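Notes to accompany the following structure.
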Amino acid sequence: VLASLPLQMMLYFNVYYFPVWCLAEGMMLQQKYHLLPQHYQFLLVTAFLILSLAEGSRLYLGYVGNLQEK
C-alpha cells in the first residue's frame, strides 16, 4: 500500500489555508464579540477553540498516517 497522492495534496493545501481561516475567523470574532450576550460569547470562543484544535490534530494525523501508510 502506497501513500495517497490526492490526500497528501489536499492536506498540503489545507495546511496553508488553515491559518488564513483562523485569522479571518479570529478577526470576525473580535469584531462582533462585544455585541453578543455573555453566554453567546462563551459558546463562540469555545467553538472556535475546539474547531481549531480538531482541525490542527486532523491535519497532523493525516500527514503522519498518509506518509507512514497507516
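The values are calculated or read from the model by the stated rules, or taken from the named source; none is laboratory data. Worth saying up front: this structure is predicted, and the values here are computed from it rather than measured. Here the Cβ is made from the backbone with ideal geometry for all residues, glycine too, and neighbour counts use every protein chain on show. These accessible areas exclude ligands, DNA and RNA; they are computed on the full protein's heavy atoms, side chains included. Shrake-Rupley method; radii C 1.70, N 1.55, O 1.52, S 1.80 Å.
Using just its DSSP H runs of length 4 or more, each adding -39500 (n - 2.57), the chain gives a mean residue ellipticity at 222 nm of -30000 deg cm²/dmol after division by all residues. Hey, quick one: spin label on Thr46, modelled 7 Å out along Cα-Cβ, who in the range 12-30 has an amide N within reach, i.e. under 12 Å? Zone members listed by number: none at all.
Taking the longest Cα principal axis of the chain as reference, the axis of helix 5-32 is set at about 10 degrees.
Normalised per residue, the accessible area of the chain is 82 Å², obtained with a 1.4 Å probe and no contribution from ligands, DNA or RNA. Taken along the Cα-to-beta-carbon direction at a fixed 7 Å, the label points for Leu2 and Val15 span 2.0 nm.
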